[in-house]
Amino acid sequence: MSRAGKVVAVYEAISRGDFAVTAGMVAPEFEWHPNVGEPDPVVSRDRREAMARARDFIAAFGDFRTEVEEIRELGDQVAVAVRHSGAPAGTSDQVERREAHLWTFRGELAVALHEYPTLDAAVEAAGSR
């Protein structure tokens, strides 16, 4: 499976609540770097922390989904424009957010995920890494 295919599979698995698939595609030393504009921009420094953070975030929603809008393979990196949507748990109010992710791979496993406000920013960051 291509790296872009793996990234799409991760989003599909997370949307189903299947974290086993996701954990199997990221390295033990996986780091998740939230967008610096986030209210809680704490970096997750390993797979266990990242999976726990993702589970906690998704648990706050009744029906969380992530859709890939655009994807670009850039050597050992994959830049992705995504749209997250769902209803916060206990409400029927749908919310959505668009952002971009830059995945970095070492071999077959993802070793890092950096969030950016736009796909252009993610692609630009890929060129500087």
Number of positions in segment 109-129 that are in contact (Cβ under 8 Å) with a residue 60 or more places away in the chain and within 17 Å of residue 6 (Cβ to Cβ): 6
Residues of segment 12-23 that turn out to be surrounded by fewer than 19 Cβ atoms within 10 Å (Cβ to Cβ) and either modelled with pLDDT of 95 or more or assigned to a helix (DSSP H, G or I) (or both), as a count: 8
Residues (more than 12 Å from residue 80 (Cβ to Cβ), out of contact with any Asp or Glu (no Cβ under 7 Å at 6 or more places or on another chain) and not aliphatic (A, V, I, L, M)) located in segment 112-129: 120, 124, 127, 128, 129
Hits in segment 82-125 - residues which are surrounded by fewer than 19 Cβ atoms within 10 Å (Cβ to Cβ) and among the hydrophobic types (A, V, I, L, M, F, W, C): 87, 89, 95, 109, 111, 121, 123, 125
Scope segment 46-60; condition basic (Lys, Arg) and surrounded by 17 or more Cβ atoms within 10 Å (Cβ to Cβ); matching residues: 47
Breaking point among (1) in contact with a strand residue (DSSP E or B) (Cβ under 6 Å, 6 or more places away or on another chain); (2) over 27 Å from residue 121 (Cβ atoms), for residue 67: (2)
Within segment 25-45, tally of residues that are surrounded by fewer than 13 Cβ atoms within 10 Å (Cβ to Cβ), without any contact (Cβ under 8 Å) to a residue 40 or more places away in the chain and under 24 Å from residue 5 (Cβ atoms): 1
Qualifying residue in segment 24-47 (condition: more than 21 Å from residue 12 (Cβ to Cβ), out of contact with any Gly (no Cβ under 6 Å at 6 or more places or on another chain), assigned to a helix (DSSP H, G or I) and not acidic (Asp, Glu)): no
Candidate set from segment 81-124 (those that are at pLDDT 95 or above and of a type in the set (Val, Ile, Thr)); member that is nearest to residue 39 (Cα to Cα): 118
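The values are calculated or read from the model by the stated rules, or taken from the named source; none is laboratory data. Here the structure is a predicted model, which is why all the values come from computation and not from measurement. No Cβ is skipped: glycine too gets one built from the backbone with ideal geometry, and neighbour counts run over all protein chains shown.
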